[in-house]
1. Counting only residues 5 or more places away or on other chains, whose amide H sits under 5 Å from the amide H of LEU512 once H atoms are built in the peptide plane?
2. Near the amide H of MET412, under 5 Å away, which other amide H atoms are found, from residues 5 or more places off or on another chain, if H is placed in the peptide plane?
3. Given +1 on the Cβ of Lys and Arg, -1 on the Cβ of Asp and Glu, and no further charges, what dipole in debye does the stretch 444-604 carry about its Cα centre, rounded to the nearest 20?
4. FRET efficiency for THR67 and LYS635, Cβ-Cβ distance as r, R0 = 45 Å, nearest 0.05?
5. So if R0 is 30 Å, what FRET efficiency would THR95 and ARG39 give, r being the distance between their Cβ atoms, rounded to the nearest 0.05?
6. Students often check this: by mean Cβ neighbours within 10 Å, which of 4-13, 277-286 ranks highest, and how do the rest follow?
7. Normalised by the number of residues in the stretch 444-604, what is the relative contact order in percent for Cα pairs under 8 Å and 6+ residues apart?
8. For the stretch 46-142, restrict the atom set to alpha-carbon positions and state the Rg and Dmax in Å.
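What follows is calculated from the coordinates using simple rules that are stated; it is not laboratory data. Keep in mind that this is a model prediction, so the values were computed, not measured. Don't worry about glycine lacking a Cβ; one is built from the backbone with ideal geometry, like all the others, and counts go over all protein chains shown.
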Amino acid sequence: MVNLNQDVKYVKGVGPQKVKLLNKLGIYTLKDLITYYPRDYEDRSIITKIKNMQDGEKYTIEGTALTDVNIRYINRNRSFEKLIVNDYTGDCIITWFNQPYVKDNIKRGQTYRFYGKVTKKGGTIELNSPTYDSIEKTKNTGKIIPLYPLTYSLSQNTIRAIMENGINITKNILTETLPEYILNEYNLLDINTATQNIHFPKTFTDFQKSRKRLVFDELLSMQLGLLKLRAENDEEIKGIKYSKDIKMSDVINDLPFKLTKAQLNVLEEIDKDMEIEKPMNRLLQGDVGAGKTIVSIIAAYKAVKSGYQVAVLAPTMILAKQHLQNFSKTLEKYNIKCDLLVGGMTAKNKKEVLQKVENGEIDILIGTHALLEENVIFKNLGFVVTDEQHRFGVKQRSKIVAKGNNPDVLVMTATPIPRTLALILYGDLDISIIDELPPNRKKVETFAVSRRYEERVNEFVKQEIESGRQAYIVCPLVDESEEEGASNLKAVTEIYEKYKNEIFKNYKVEYLHGKMKPKEKDKIMDNFKSGNIDILISTTVIEVGVDVPNASTMVIENAERFGLAQLHQLRGRVGRGEYKSYCILKYNGGNDIIRERMETMTKTDNGFIIAEKDLKLRGSGEFFGTKQHGIPEFKIANLFQDMEELKQVQALAINIINKDPKLEKEENKPLQTLVREKFTSKAELTI
């Protein structure tokens, strides 16, 4: 029996260097390899006559070499190779660069297949740097070829060869993951055929059938897992029944501002949940700046005044500190004690906080993943708030909940998800949405500009600073990585040096990135907030961060490298004060998708419309991956493209769980294994 968890280094063709490159793609085991699916396919099976080829298109031709390969050396390290072939309909010039070895592989008078892009000028037809095979072989031509998402230094040919070896090891021995009754009812391929054909389909029909089967697996395991969680939550578990005498209106009426109708509706839903015995599990969705935090503060008031403690879990130290300020400012007048627990505290401070929490002297404990540690013991935890749910997995949520006796849970996210998808994705949670912004929120004017406007953008930033405002400049990478295309991106530190010493040398410029120590980050953010820094150059660590009302301008470098939802989140960092605010998206490249994405950002500030567009353009692998939502990563499903399948699978999953809540029946044993494997992957267990 082959062990699917064996190290990928044991697959033929994988040496020490290739292991490192595969690891960068998230491929560590044989299973990771065979489930690393192609991003696209090229049909190289159709042979086209030379005379019928069109300029700019890719084709496979069969041609006889009329000449030997002629090599011309431009200098010692650069060469140009040329060959003329004919297929009786015309001649075609084949050219390569820096591939002198082709001379040994191609002989005059022999017939070969070539696949590449055509250039037609006048009467000349040319194929540039094509792949080729002898007529007897079909390694690179004459069939459908898979194309994989790659990292720098790993070629398509290399990964295809490794994949072929991996598929051969596992051929016809994979354990079936779906029961026979599902395979028959939905006319699905078996797992072995689907896995073989998704990588090396003989026809596009083979590919479509294989994809259908593998998408079905992913969606069904996710739905069953979430419904199973919900079923476990719905089992006669008695939660806390909060007192009807403790009124949320006590805080609402004391606030120095009016809540929106949407906020009041959500509070009503939460209040009802808190006053019944069943534990609350509610997802609160709201756009950036919609006022989710104040909703959680008011709910926390009810919990504390009913005699319980509250835990607030935040993804970063900066955000945890901001929550502490906001909770304390609103609740101290009611004699409610809030405190902080984060990594990097002194042993003495930490011990003191832990003791007070255990004794019940702290009513609301706010912190990062430090709250999940075993030594954090609450006297009477009754309410849990998880902020920015996409940074925490299902397991982390369970861990903090276990510190109380079935406490109520409020999960908050500013990542907008179309409601239909949210209902399906968060199968274990009820959903509330704040779909309007407070009246004091300023609209952020958004502009998308190419590199040629750089000087004008810099002048605009200077004008804003001269007016007393501050600016963010956001970059996609900290330093040059080996990712494809990364060499075109400027690192934060490089941009910092250029801006500090040249462009903005008369202003106070500082930078911030995720590799800094928490204390450094906090110090810089505090300095920025207090106005001691004019321009903050940063990576996306400020995506979820401190409110700086005086920051009016955000410039995003290489905006085409970000997802729309992330651009929207970043834009939400400005416009938080009384001043007119701006977001300037600087982008490279001008293909249709980039233009469409930039246009979406300039035309709408509705996070839900943006999220739907993002999902349509990028697919769900990135949008709903593990890192964002704490659910198993989609390797092949696309929730926009596969919406019909998703609805079909959800109906099936509900039916299965209603009949067999724990998947204990013999016929459902494969499903039990499938769900267990999907929900305990190493990625899902990380914060």
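1. Here the answer is ILE537, SER538, THR539, since their amide H atoms fall under 5 Å of that of LEU512.
2. LEU284, THR386, ASP387, GLU388, GLN389
3. 400
4. 0.45
5. That gives a FRET efficiency of 0.65.
6. The peptides rank, most packed first, as 277-286, 4-13.
7. Over the stretch 444-604, the number comes to 32 percent.
8. Expressed in Å, the Cα Rg and Dmax of the stretch 46-142 come to 12.7, 38.
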